[in-house]
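Here is the structure we will look at.
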Amino acid sequence: MITMVQFTLILLIFLAVFAFAMIVRLILNRLNIRHLRNFGHSIPEDFEGFIDGKTLIRMRDYTVETSRISSIENVTGDMIVISLVLSGFFVWLSNQISALDLHIVISGTLFFLSCSLIMGTVEIPFDLYRNFVIEKKFSFSTLTMKLWLSDLFKSVLISLILLGSFLSILLSLIHFFPKTWWVWAWIFFICFQLLIMWLYPVVIAPLFNTFEPIENEELKTRISSVAQRSGITVSGLFRMDAGKRSRHSNAYFTGIGKTKRIVLFDTLLDTHTTEEIVAVLSHELGHWKMGHIKKQLILSMGVSLAALYLAYLLVNNHLLYSTFGFEGTSVYIGLFLLTIIVRPLAFFLTPLTSMLSRHFEQQADDYAFTLLGNTSPLVNALKQLAKENLSNLHPHPLYAWFYYSHPPLVERIERLKRTSRNK
């Protein structure tokens, strides 16, 4: 039998913050959709002659539909979390696992993995709808049900292995070093993060996609020349078969140390000129040259250290447990409850991370201009990517300020043009 939690003042404050975050998210999505409906019929000056009215309508409709399903998914996820908290489900689950009389490390890992599977299950119907309804409707998705199921199986398995390994070591550190575990956990977190960054390009990514060396000699020569001028050494330049899942285009820089590599989607290679591809990669090289990856890692280290120390201070507080209906204290339950509490609070930090990311993107754009001496190839690439991916050309300013990790496209292109004119 599941016991309902008691509505204490602290729980009511938590629910109020949680509800406020959910309402703000809904308002921002609504503002963005309304803004797009009001202004989405107007072709920006920089896109005149490049896109027509029909394409603009598809851009608008695609953004509206993807925003709507994301909004529904977020609300559904929030309501399920709140329902599980208020119904006392987590208390019941904890009691069931405790009854097995397992070691605390095993019990804690099992509890976290069970909760992760429950939360992850909620995303499945939305992912199906997004891939097989919306993405098919707009001629993006090339995904088959067989491949989707294969991806799901691999993703769940990899997540369970990585999360299970992480949790078991973290809980072991807490068990053996009750006074200083937060320091050892921080060191372990950093090492684990670096290990994943190193392994991802050569172990995890190949489980989902095929990576083949680029055969276009002209492109290889151009990219190698740009990389050399940047003073960056990469272990390879690869073509990824992204087209077997989607017609969306992209490119990325991944890995650390000897696993650093440049990856180009086959859809990008098939639809963009050599100059545009080199411009996109010059931008990516800018992130490495300007130390953005290192800065993000350092910031992550600082935040994680503060979070772990705060967790250390709170995890044995009886009020934390009683607020959510638990009797007694258990470190892994405390850590889980803290993740629940942090969820709405972290949402309001989104603008800070977004602003930092946009600043980094502008610096990477500037670096691409420094390498190439011209912004036209990058401008052309961004316009082509926007057309291919049906990007939103008319985001609401408040929505863009809150969420966008990149400057809004029209503003970004205008800035690139000003940079070129003022050289």
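The values are calculated or read from the model by the stated rules, or taken from the named source; none is laboratory data. Since we're looking at a predicted model, the values are computed, not measured. Cβ atoms come from the backbone with ideal geometry, glycine included; neighbour counts cover every protein chain shown.
Things worth noting here:
- Per-region count, segment 401-411, residues surrounded by fewer than 21 Cβ atoms within 10 Å (Cβ to Cβ) and assigned to a helix (DSSP H, G or I): 5
- The sole residue among ILE72, ILE43 that is under 22 Å from LEU409 (Cα atoms) and of a type in the set (Val, Ile, Thr) is ILE43.
- Considering (1) buried (at least 16 other Cβ atoms within 10 Å of the Cβ); (2) out of contact with any helix residue (DSSP H, G or I) (no Cβ under 6 Å at 6 or more places or on another chain); (3) closer than 22 Å to HIS292 by Cα; (4) not β-branched (Val, Ile, Thr), the lone condition that SER224 does not fulfil carries the number (1).
- If you go through segment 394-414 and keep only what is among the aliphatic types (A, V, I, L, M) and over 19 Å from SER357 (Cα atoms), you end up with nothing.
- The helices (runs of 4 or more DSSP H) found entirely in segment 52-129 that carry 1 or more residues being more than 16 Å from ILE333 (Cα to Cα) and in contact (Cβ under 8 Å) with a residue 40 or more places away in the chain are 53-87, 104-129.
- When the criteria are applied in full, ILE187 meets the requirement of being modelled with pLDDT of 95 or more, surrounded by fewer than 17 Cβ atoms within 10 Å (Cβ to Cβ), of a type outside the set (Ser, Thr, Tyr) and under 30 Å from HIS103 (Cα atoms).
- The condition of being modelled with pLDDT of 90 or more, farther than 30 Å from THR8 by Cα and not acidic (Asp, Glu) does not hold for SER304.
- Matching residues in segment 303-334 - criterion: being among the hydrophobic types (A, V, I, L, M, F, W, C), touching a residue at least 60 places away in the same chain (Cβ under 8 Å) and outside any loop (DSSP other than H, G, I, E, B): LEU305, LEU308, ALA311, LEU319, VAL331, ILE333
- The listed residue being within 21 Å of LEU9 (Cβ to Cβ), modelled with pLDDT under 90 and among the small types (Gly, Ala, Ser), out of GLY325, GLY291: GLY325
- Scanning segment 269-294 for residues that are part of a helix (DSSP H, G or I), over 13 Å from ALA227 (Cβ atoms) and without any contact (Cβ under 8 Å) to a residue 60 or more places away in the chain turns up LEU269, ASP270, THR274, ILE293, LYS294.
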